[in-house]
Amino acid sequence: MPNLLFHMFSDERFMDLTLFQYGYERCRPLHSYGPFIRNHYLFHYVISGKGMLLTDDNSNHSEEYHIEAGNGFLIEPGRVNTYFADREDPWEYTWIEFGGLRAKEILESAGLTSDSPIYVPRTPQAGDRLKQNLLYLANHAQESPLHQIGFLYLIMDALLSGSSKKRTIQGGKLSEFYTKEAITFIEQNYALPLTVEDMAARCNLDRSYFGKIFKETMGQSPQEFLIRYRMTKAAELLKLTDLSIGEISIQVGYPNQLHFSRAFKKVFDISPRTYRQNNKII
């Protein structure tokens with residue numbers, strides 16, 4: 001295997017879980033990354049060797065973690081992180097960068113948070129299963145997006161089921177009920193001029209309280225979720241239909257095409273027209 005494999009995932013139509021980058025690396029002594037702030041979740045599984053993870057929170061409080069083969073570490077979006085290989089026994093790892101609507105829920109169920117970012121498998125077999133799924137993905141960049149997303153789900157299943165810190169879910173929280181109610185409301189009405197007030201009213205909640213519990217559950221604000229949902233629907237229409245951009249703009253709740261194009265570019269980093277040119281199914 002080469003010392004480094006690095007791949008980008010080009011398809012962003014998946015909402016529950018989506019993949020951004022993935023790969024494998026055998027690092028040199030003291031090889032480091034950071035300090036960086038990531039936009040998505042980043043998970044490394046250490047195959048051999050060892051290294052260190054340094055994290056800073058918003059109050060400039062630092063934590064230091066020493067990590068060895070057979071363990072993993074999570075980097076959350078929005079936090080300053082630095083990690084580097086050991087001088088004498090540098091690590092070899094495989095990794096994925098991912099996000100999506102269910103990412104936060106899965107990671108927290110596995111016991112992985114910003115305050116507890118180290119993954120320890122329940123058994124060596126559980127760790128090996130996770131490692132093999134990660135390495136498969138790193139070595140199969142030529143497969144279709146659906147195939148790759150399928151392995152992302154297998155990786156999340158291995159991560160969750162094999163974690164020694166797995167949490168037992170007992171019943172459902174009321175906040176989760178309200179969040180699901182709001183998401184159903186968005187799915188049914190995203191083409192209309194929705195506001196956060198409308199969502200809160202659907203749940204019979206105060207706007208600020210609704211926004212708080214939605215973000216705690218989903219890891220993003222109701223407005224951010226709505227925009228992402230609309231742009232994902234727009235991407236499907238651009239790829240699968242011959243509707244004009246103006247018509248698609250209206251169908252996803254943007255009467256103003258310029259506002260729609262700006263929002264689309266903010267999510268996908270390219271204009272709707274360029275996205276269609278690159279992805280249209282003929």
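Some values worked out for this structure:
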{"item": "Subset tally (residues that are part of a helix (DSSP H, G or I), over 21 Å from Gly99 (Cβ atoms) and without any contact (Cβ under 8 Å) to a residue 12 or more places away in the chain) for the range 223-249", "result": "2"}
{"item": "Check on Glu181, open to solvent by 50 Å² or more (accessible area, probe 1.4 Å) and closer than 30 Å to Tyr254 by Cα", "result": "yes"}
{"item": "Flag if Glu76 is over 17 Å from Met15 (Cβ atoms) and under 12 Å from the mean Cα position of the chain (by Cα)", "result": "yes"}
{"item": "Restricting the range 235-257 to residues that are of a type outside the set (Ser, Thr, Tyr) and surrounded by 18 or more Cβ atoms within 10 Å (Cβ to Cβ), the residue that is farthest from Gln277 (Cα to Cα)", "result": "Gly253"}
{"item": "Count of the range 24-54 residues which are out of contact with any Pro (no Cβ under 7 Å at 6 or more places or on another chain) and more than 20 Å from Gly127 (Cα to Cα)", "result": "8"}
{"item": "Residue ranges of helices (runs of 4 or more DSSP H) in the range 81-199 with at least 2 members in contact with a Cys (Cβ under 9 Å, 6 or more places away or on another chain)", "result": "174-189"}
{"item": "Odd one out for Phe14, checked against (1) open to solvent by less than 50 Å² (accessible area, probe 1.4 Å); (2) closer than 30 Å to Pro145 by Cβ; (3) assigned to a strand (DSSP E or B)", "result": "(3)"}
{"item": "Qualifying position, being out of contact with any Leu (no Cβ under 7 Å at 6 or more places or on another chain), among the β-branched types (Val, Ile, Thr), surrounded by 12 or more Cβ atoms within 10 Å (Cβ to Cβ) and under 21 Å from Glu187 (Cα atoms), among Thr274, Thr232", "result": "Thr232"}
{"item": "In the range 82-113, the residues that are over 20 Å from Leu19 (Cα atoms) and either out of contact with any His (no Cβ under 7 Å at 6 or more places or on another chain) or open to solvent by less than 40 Å² (accessible area, probe 1.4 Å) (or both)", "result": "Thr82, Tyr83, Ala85, Asp86, Arg87, Glu88, Asp89, Pro90, Trp91, Glu92, Gly111"}
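The values are calculated or read from the model by the stated rules, or taken from the named source; none is laboratory data. What you see is a predicted model; the values in this text were computed from it and never measured. Note that we place each Cβ from the backbone using ideal geometry, even for glycine, and neighbour counts take in every protein chain shown. Surface accessibility is based on the protein's heavy atoms, side chains included, excluding ligands, DNA and RNA. Shrake-Rupley method; radii C 1.70, N 1.55, O 1.52, S 1.80 Å.
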